[in-house]
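Here's the structure we're looking at; comments come further down.
The values are calculated or read from the model by the stated rules, or taken from the named source; none is laboratory data. These numbers come from a predicted model, not from an experiment. A quick note on method: Cβ atoms are made from the backbone with ideal geometry, for glycine too, and the neighbour counts reach across all protein chains shown. These accessible areas exclude ligands, DNA and RNA; they are computed on the full protein's heavy atoms, side chains included. Shrake-Rupley method; radii C 1.70, N 1.55, O 1.52, S 1.80 Å.
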Amino acid sequence: MTFLVPTALALAAIALPITVLYILKLRMRRVPVSSDLFWQQIFQARPPRSFWNRFRHPLSWLTQILILLTIVAAAGDPRWMTGSPPHSLVLILDVSASMQAAESGGQRLDLATDQARRIINSLPSGSQAAVIAADHRAEVVCGMTDHIPDLLRAVSDIQPSAAAGSPELAITAAAELLGQNDSGEIILLTDHCFESTKLTEHPRLTILSAATPLPNMGITKCQSLRNPDDPLTAELLVAVTNSSPHTAEAELELRLSGTLSSVVRLKLSPNESTTRSFPRSGPAGGIWRAELKNIRFSRDADPTAPEPDADSAPTDALTIDNSAVAVLQDAPRQQVLLVSPGSLFVQKVFEADPLTELTVLPQPPANNSWPPNHIVVLHENVPRQLPGGPVIVLDPRNDCDAWNIRSTRENPLPAQTVEMHPITRNFRLDDVLIPAVSELEFQLKPRILAAAEDGLPLCCLLQRPQGPVVVIPLHLTQSDLAFRTVFPILMSNTLRWLAGHSDALPSATQAGQQVAVPLQLTAPATPNQYSLLRSPAGTLTRIPVVPDTSSPLSATALTGPLRESGLWLIEPNGGTAPPGTNSNSAVPVAVNVAASSETDLRPRQASEKSPKSPPRAAAVSGRPPWFWLCLAAVLLLTSEWFLYQRRWIT
């Protein structure tokens with residue numbers, strides 16, 4: 001036998017003061033009494049002790065010494081010397097979402113960690129081991145070491161993940177840790193709920209799994225998206241899968257920012273998936289929450305499925321995939337600067353757009369000081385040099401650096417077709433009165449979106465380095481285009497396309513992924529700028545921020561991998577107070593399981609080769625010696641208490 005903590009054996013010195021207390025002489029007080037008749041009997045039963053007297057209670061002393069020795073031996077963490085030579089071992093624990101399923105003996109991950117502890121405690125003396133936590137990534141939680149307490153502590157500190165499982169990367173890392181060691185082996189503790197065909201390439205790999213097929217119903221997709229052509233409309237997409245051999249029923253409950261939006265009853269056949277879409281209109285966004293409730297499995301199993309127990313109906317074994325979140329961004333608002341001599345109809349068209357913040361000027365600004373981040377609309381009066389950025393020109397009346405006016409064409413006949421482009425979506429010039437059109441000579445070749453029968457441009461697009469320009473050379477004061485519904489449609493399409501709005505961040509991210517989140521700061525970013533990341537459980541973490549060189553108040557936060565499902569919050573300015581859900585500055589990031597492989601809790605058929613003999617590290621089972629020593633100390637203490645109560649010892 002050997003001891004992993006031999007310094008703890010020094011505690012055996014406590015036996016010396018215990019022995020001294022047993023032989024220590026008792027000093028008796030002198031007290032006057034009326035008679036010593038009864039006291040003589042007491043003196044005979046308990047005579048004074050001295051250093052040279054014999055122990056009066058050796059059984060009690062021996063019991064105390066045995067209790068001390070068992071406690072000291074347990075503190076030294078003894079190990080039995082076995083005939084097995086020392087070797088190297090790498091333990092891989094699968095921490096993916098499916099490992100949180102509830103088996104009859106507890107969660108799969110808890111069962112795997114218990115098995116890992118037994119393997120570590122049974123290692124021969126001098127062996128080295130390492131521990132790796134694996135989902136679709138690999139994290140070495142403890143490198144190669146022969147210190148058993150460090151290995152056990154690393155196993156106990158492993159946390160579950162909501163990410164999908166794929167052990168290939170972890171197995172590659174384990175092989176690199178072992179190197180060319182021929183006596184090394186790799187043990188993968190998993191539920192085998194993944195598809196893999198490359199595990200046969202690792203001859204030193206042994207897969208240990210105690211998982212059983214379990215029924216489960218979960219959300220495998222939850223995404224929200226605004227219509228790029230009409231940002232006022234949005235849609236939530238939810239996919240639900242029944243990964244069981246039984247018919248499943250449940251209620252799908254949807255909430256937007258805490259308000260109940262819809263409840264849908266679902267009934268899915270065995271192994272069936274369904275996808276439902278839920279429309280939403282309006283500029284306001286929010287947090288979508290989808291949750292499966294009252295999940296029930298019927299007993300009408302298919303012929304190939306095992307019959308459930310008679311005393312219990314099948315239950316949903318995994319709860320982490322019963323809920324999902326998605327972020328619906330607010331509809332992007334556009335700042336528009338209209339330069340017009342005073343056309344009320346043109347102004348009302350832009351004011352009617354709910355996503356437009358309109359500013360009206362009668363003349364172009366002096367010194368070409370155009371405001372940034374604006375779409376400029378020029379009506380009639382065009383400056384000699386067009387402003388940079390996106391520009392819309394309506395009824396130009398003078399020359400500029402992009403064109404010269406040749407003449408005015410009267411009563412052109414519009415063509416029946418227009419070019420397919422986002423600007424011309426739902427746009428036609430049929431029955432539109434066009435008394436006059438300016439004929440322009442462009443400096444750059446334009447892209448004609450709508451033209452007359454003779455090829456005269458009626459709507460065209462200029463792609464220039466400073467920004468795109470959309471030109472509509474119709475004389476609006478003489479035409480009825482401004483009074484037709486086609487004109488607001490054309491302007492709305494043009495504004496959406498020029499703004500180029502797109503979701504910079506997906507509405508939901510699969511667990512385990514890294515995410516780059518754009519942030520808006522209240523002060524220019526510094527080189528050591530950081531933000532606070534708050535997990536769904538409330539844990540705060542500092543994350544680095546990369547400043548945007550083009551905009552001092554913009555930056556990008558680098559997060560991940562996000563292994564916990566739920567709603568994460570990023571405080572851009574790195575405040576000391578935890579960001580709350582009602583914080584206007586906090587940026588939400590939705591993270592879901594969203595993996596059908598994790599929702600299916602039925603272990604895949606193992607295609608890899610089984611070892612001819614069990615792994616050497618797993619050959620010895622049972623509890624470590626210190627456990628039995630502690631148990632012996634408790635039994636001895638109980639025995640001493642019993643003997644004392646029976647007055648066999650004092």
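Annotations for the structure displayed:
- Within the range 518-534, being touching a Ser or Thr at 6+ places or on another chain (Cβ under 6 Å) and under 21 Å from Glu564 (Cβ atoms) holds for one residue alone: Leu533.
- For Asn368, the criteria (1) open to solvent by less than 20 Å² (accessible area, probe 1.4 Å); (2) polar (S, T, N, Q); (3) under 49 Å from the mean Cα position of the chain (by Cα) hold in every case but one, which is (1).
- The conditions of being closer than 18 Å to Arg604 by Cβ, open to solvent by 50 Å² or more (accessible area, probe 1.4 Å) and in contact (Cβ under 8 Å) with a residue 24 or more places away in the chain are not met by Ser166.
- First in the range 466-489 and at positive phi, second anywhere and of a type in the set (A, V, I, L, M) and at pLDDT 85 or above, Cβ under 9 Å, 6 or more apart: Gly467/Leu386; Gly467/Val391; Gly467/Leu498
- Every listed requirement among (1) modelled with pLDDT under 90; (2) surrounded by 21 or more Cβ atoms within 10 Å (Cβ to Cβ); (3) not in a helix (DSSP H, G or I) is met by Ala133 save one, (1).
- Residue count for the range 510-564, restricted to those that are in a strand (DSSP E or B) and touching a strand residue (DSSP E or B) at 6+ places or on another chain (Cβ under 6 Å): 23
- All positions within the range 406-418 that are in a loop (DSSP other than H, G, I, E, B) and surrounded by 15 or more Cβ atoms within 10 Å (Cβ to Cβ): Pro412, Ala415, Val418
- Filtering the range 374-405 to residues that are among the β-branched types (Val, Ile, Thr) and in a strand (DSSP E or B) leaves Ile375, Val376, Val377, Val391, Ile392, Val393, Ile405.
- Unique match (being in contact with a strand residue (DSSP E or B) (Cβ under 7 Å, 6 or more places away or on another chain) and open to solvent by less than 10 Å² (accessible area, probe 1.4 Å)) among Val95, Val141: Val95
- Checking Leu440 against (1) outside any helix (DSSP H, G or I); (2) touching a Gly at 6+ places or on another chain (Cβ under 9 Å), the condition it does not meet: (2)
- For the range 435-456, a residue qualifies if it is closer than 21 Å to Pro468 by Cα, buried (at least 16 other Cβ atoms within 10 Å of the Cβ) and of a type in the set (A, V, I, L, M, F, W, C), and the qualifying residues are Leu440, Ile448, Leu449, Ala450, Ala451, Leu456.
- Residue in the range 204-216 that is crowded, with 20+ Cβ neighbours inside 10 Å, touching a Cys at 6+ places or on another chain (Cβ under 9 Å) and not in a strand (DSSP E or B) present: yes
- Asn426 fulfils the conditions (1) closer than 23 Å to Trp497 by Cα; (2) part of a strand (DSSP E or B); (3) out of contact with any Leu (no Cβ under 6 Å at 6 or more places or on another chain) except for a single criterion, (2).
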